[in-house]
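Peer 1: My questions will all concern the structure given below.
The values are calculated or read from the model by the stated rules, or taken from the named source; none is laboratory data. Please read all numbers here as calculations on a predicted model, not as lab measurements. Every residue, glycine as well, gets a Cβ built from its backbone with ideal geometry; the counts of neighbours run over all protein chains shown. Note: areas computed on protein heavy atoms with side chains; ligands, DNA, RNA excluded. Shrake-Rupley method; radii C 1.70, N 1.55, O 1.52, S 1.80 Å.
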Amino acid sequence: MKDYALYINGDFVEPEATETIEVIDPATENLIGTVPDANAADVDRAVAAARAAFDAGPWKDVTAQDRGRILFKLAHIARERANELSQLETLNTGKPIVEAEYDLADVATCFEYYGGLATKIHGDVIPVPDNAMSLALREPIGVAGQIIPWNYPLLMASWKLAPAICAGCTAVLKPAEQTPLTILELASSFADAGLPPGVVNIVTGRGETAGAAIVQHPDVDKIAFTGSVEVGKIIMRAAADTVKKISLELGGKSPNIFFADADFEAAVEGALFGIFFNQGEVCTAGSRILVQRSIYRKFVDAMVAKTKTIRLGPGLERSTQMGPLVSREQMDRVRQYQEIGKKEAKVAVGGGRATGGALDRGYFVEPTIFYDVDTSARIAREEIFGPVAVVIPFDDERDALRIANDTYYGLAAAVWTRDIFRAMRVVKNLRAGIVWVNHMQPTYVEAPWGGYKQSGIGRELGKWGVEEYLNVKQVYINLNEEPINWY
């Protein structure tokens, strides 16, 4: 058990706040650490450090080449510390260790990608109808407030920190109160990577206290948030007071569409992976499984048979395929939806809390599949964020698209078919920011990530991710030697 401090201006410092938050191992319910529940005064200190580093500190004069080198060093450190950090990630989140190891590899890759991109942020020369030159310069936006979710703590932190550093911004980052440990541990290596004091500051605390103070702070220029639609709306309203630039990656109720001509075995595996990976605590989880009616019964039976073989257990056991949910609060939420589902549809498998042996402690729930689900059911419309799938039959392509798009979410979708013409028609008509064909969940740092409709604003990853941290400035240069003739 370890007591953590805040990370401000290059040092771990004691908070002004006196309250703390207990960090729990969701597999055992044991206390593994405490972090400060920072208040507005703590946020003020962190923002002041970030503002000073951006406006007058050494960061202002660090070249793009050197920012790239810092990011490459962070990637190297993440790889060097991968074993330690992945184990801590599993201990804190409950996810299987194999998945945490993949996350750490992706963290390093993210830092490397933006390390390479740092020297490739270009402006433009714009032809104008005058004896003049017009330039468009891309400049760092300033101080970024970054609020991280609990399902991928270190990976989501890297998705936000890497483009901010690449662009030349400074940051005040708030990890989720449930899962703050890995980013705090990585912060102990920031100086080794060459980050000057104040460039990255980490403030732990609850959303309604520390998070709200970051969003409302007048010296924060931009907010990046990943989380629920409800909180995203609160952030939009709060950010309006100071007209901050915002990027929001919000929830989803993603359709995973299976046509009768799909590779059956691959499709069944894709359906299960799409919803049970990371315990279903994934914003892009394929929680609505749409199956063409001619293969519907066979498909449900095959899913059930494979679901019964999923190994639940503590994440640190390498044989575990699905760990506990992140917290008691989240377990209670998922259990509530399991009970709602029993009244709305038929249970194919699961539907309760997982018990027996090591599962008697911790926040384990059974992987659950409901079938014959009506599209108006709550379990078909509301984001559950856990291992609960709803299976819905459809008749034809038009019917599949109608069901798939019947949601205010628009984060992700997938379509499974051997017919490339059908695949591309469906891709074109799906209202989602990410669409996979014959796969679900692959994510690459080179490609854009974000949603349509109420699933968010802006994009992360790739060149699109760094643009969220840049302002565009027009520079007009008069090339006339003659005085301006106003008449």
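Peer 1: Looking at region 1-29, which of the residues that are in a strand (DSSP E or B) and of a type in the set (A, V, I, L, M, F, W, C) is surrounded by the fewest Cβ atoms within 10 Å (Cβ to Cβ)?
Peer 2: Looking at residues that are in a strand (DSSP E or B) and of a type in the set (A, V, I, L, M, F, W, C), I get PHE12.
Peer 1: Exactly one of these conditions fails for HIS122: (1) assigned to a loop (DSSP other than H, G, I, E, B); (2) open to solvent by less than 30 Å² (accessible area, probe 1.4 Å). Give me its number.
Peer 2: (2)
Peer 1: May I ask you to say which residue of GLU344, GLU265, GLU329, GLU339 is closer than 25 Å to VAL435 by Cβ, free of Cβ contacts under 8 Å to residues at least 60 places away in the same chain and of a type in the set (D, E, K, R)?
Peer 2: Among GLU344, GLU265, GLU329, GLU339, only GLU265 is closer than 25 Å to VAL435 by Cβ, free of Cβ contacts under 8 Å to residues at least 60 places away in the same chain and of a type in the set (D, E, K, R).
Peer 1: State all residues of region 395-434 that are among the aromatic types (Phe, Trp, Tyr), touching a residue at least 24 places away in the same chain (Cβ under 8 Å) and surrounded by fewer than 22 Cβ atoms within 10 Å (Cβ to Cβ); if no residue qualifies, say none.
Peer 2: Result: TYR408, single match.
Peer 1: Let me ask another. Out of THR284, THR242, THR226, report the one residue that is of a type outside the set (A, V, I, L, M, F, W, C), modelled with pLDDT of 95 or more, over 21 Å from the mean Cα position of the chain (by Cα) and closer than 30 Å to ASN471 by Cβ.
Peer 2: So the residue among THR284, THR242, THR226 that is of a type outside the set (A, V, I, L, M, F, W, C), modelled with pLDDT of 95 or more, over 21 Å from the mean Cα position of the chain (by Cα) and closer than 30 Å to ASN471 by Cβ is THR242.
Peer 1: Among the charged types (D, E, K, R), closer than 19 Å to ALA53 by Cβ and open to solvent by less than 10 Å² (accessible area, probe 1.4 Å) - does that describe any residue in region 161-175?
Peer 2: yes
Peer 1: Could I ask something else about it? If you check GLY323, GLY356, GLY350, which single one turns out to be out of contact with any strand residue (DSSP E or B) (no Cβ under 6 Å at 6 or more places or on another chain), without any contact (Cβ under 8 Å) to a residue 60 or more places away in the chain and within 28 Å of LEU91 (Cβ to Cβ)?
Peer 2: None of the other options fit; the residue is GLY356.
Peer 1: Tell me, which residue of region 454-474 that is open to solvent by less than 10 Å² (accessible area, probe 1.4 Å) and part of a loop (DSSP other than H, G, I, E, B) is farthest from ILE121 (Cα to Cα)?
Peer 2: The qualifying residue farthest from ILE121 (Cα to Cα) is LEU461.
Peer 1: Taking region 30-76, which residues are of a type in the set (Ser, Thr, Tyr) and either assigned to a helix (DSSP H, G or I) or in contact (Cβ under 8 Å) with a residue 40 or more places away in the chain (or both)?
Peer 2: Answer for region 30-76, where residues must be of a type in the set (Ser, Thr, Tyr) and either assigned to a helix (DSSP H, G or I) or in contact (Cβ under 8 Å) with a residue 40 or more places away in the chain (or both): there is none.
Peer 1: From the residues in region 359-376 that are buried (at least 18 other Cβ atoms within 10 Å of the Cβ) and in contact with an Asp or Glu (Cβ under 9 Å, 6 or more places away or on another chain), which one is farthest from ILE257 (Cα to Cα)?
Peer 2: Looking at residues that are buried (at least 18 other Cβ atoms within 10 Å of the Cβ) and in contact with an Asp or Glu (Cβ under 9 Å, 6 or more places away or on another chain), I get GLY362.
Peer 1: Of all residues in region 219-255, which are open to solvent by 10 Å² or more (accessible area, probe 1.4 Å), in a loop (DSSP other than H, G, I, E, B) and among the basic types (Lys, Arg)?
Peer 2: LYS244
Peer 1: Which condition breaks for LYS308 when tested against (1) touching a strand residue (DSSP E or B) at 6+ places or on another chain (Cβ under 7 Å); (2) loosely packed, with under 15 Cβ neighbours inside 10 Å; (3) within 15 Å of VAL391 (Cβ to Cβ)?
Peer 2: So the condition that LYS308 fails would be (3).
Peer 1: Filter region 61-89 down to the residues that are open to solvent by 60 Å² or more (accessible area, probe 1.4 Å) and basic (Lys, Arg), then identify the one that is farthest from LEU161 (Cα to Cα).
Peer 2: Here the residue is ARG79.
Peer 1: For the condition open to solvent by 60 Å² or more (accessible area, probe 1.4 Å), in a helix (DSSP H, G or I) and either among the polar types (S, T, N, Q) or on the phi < 0 side of the Ramachandran plot (or both), what is the one hit in ALA212, ALA191?
Peer 2: After ruling out the rest, the residue left standing is ALA191.
Peer 1: Give just the number: which of (1) touching a residue at least 40 places away in the same chain (Cβ under 8 Å); (2) of a type outside the set (A, V, I, L, M, F, W, C); (3) open to solvent by 20 Å² or more (accessible area, probe 1.4 Å) does GLY286 not satisfy?
Peer 2: GLY286 satisfies every listed condition except (3).
Peer 1: Test of understanding: among GLY57, GLY94, which residue is open to solvent by less than 70 Å² (accessible area, probe 1.4 Å), modelled with pLDDT under 95 and out of contact with any Ser or Thr (no Cβ under 8 Å at 6 or more places or on another chain)?
Peer 2: GLY57
Peer 1: Tell me, yes or no, whether region 90-99 has at least one residue that is of a type outside the set (A, V, I, L, M, F, W, C) and free of Cβ contacts under 8 Å to residues at least 60 places away in the same chain.
Peer 2: Looking for residues that are of a type outside the set (A, V, I, L, M, F, W, C) and free of Cβ contacts under 8 Å to residues at least 60 places away in the same chain, one finds none in region 90-99, hence no.
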